[in-house]
Every structure is written in structure tokens, then in C-alpha cells.
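Okay, so here's the structure we're looking at.
All of the numbers you see were taken from the coordinates with simple rules; none came from a lab. Owing to the predicted nature of the structure, the values given are computational and were not obtained by experimental measurement. All Cβ positions, glycine included, derive from the backbone under ideal geometry; neighbour counts span all protein chains shown.
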Amino acid sequence: MKPLNDGQLTINCDDPAPGVIRLDWRGRSDARFPGEMLNPYLSQVLAQAHSSAAAVEMHFEALEFLNSSTISVVMHFLNSAREAHVPLSFTYQPKVHWQKLSFEALRVFEVLDKQVRVVALQ
């Protein structure tokens, strides 16, 4: 898949290994309505992952900022991935305060099923 680029936010898509789709988020996601841009892109990622029985790895460690509107989009994607039985992981940098707050809250989904993983880099 092509990368997504809206000026401030870039999401690079890579297939680093068979059965894995990796999304690297970079820059800033502070759009007021990020779903207008992100939802179609993430829907394509989910469709590709589902059809190829791949897991999706979302890497946020290089992201400078993520607003609450974007967290809503990420949560919607998480729910869609769970419904489609697509394994999903979130990798973040715990030394970055906003990343720790945002992604530690997603650990509740690890308990619900084994499809979601939250990974803190050391």
C-alpha cells in the first residue's frame, strides 16, 4: 500500500514479514476531523490484512503528537480489527508522557482477547 501523507502526518505501510502489515506513524496528528482522511486508509489496511490473514502492527514511537480526535479513530479501527479477527498491536515509547497515557489505556483490550497487544519499547 502507498503511504498516507496529509502534510503533518505520514503513515508508512510496509510488509516486513509474511503475515504482517506494519504501519509507522510519523509527524503530528492534530486534525479536527482526522477520520475523514484516516478511516478510508485504515479500512484498506484492514481489508488487506483480513484477506491475507495478516496481523497489523501500528508503530507510534516516532509520532510527535496525537490528539483525542485521532485516538477516537484508532479506537474505531481497533474495534473493527477485533470484529474481523485481525490481530493488532500498538507499539509506543513509554518515555513520551502522552504516548504512555494514550496507549496504556488500551491494555484493557489485551485482557478481553488475545487479538490486541500493547508494546512499550524500553
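Only aspartates and glutamates eight or more places from Lys100 in sequence, or on another chain, were considered; those with a Cα closer than 15 Å are Glu61, Glu64. Between Ala17 and Arg107, the C-beta separation translates, for a Förster distance of 35 Å, into a calculated FRET efficiency of about 0.90. The length gained on full extension between Lys95 and Glu36, counted as 0.36 nm times the residue separation minus their Cα-Cα distance, comes to 18.2 nm.
With the convex hull of the Cα atoms taken as the outline of segment 4-120, the averaged projected area works out to 6.5 nm².
The antiparallel fraction among DSSP beta bridges confined to the chain stands at about 30%.
On the beta carbon distance between Gln44 and Lys114, with R0 = 25 Å, the FRET formula returns roughly 0.50.
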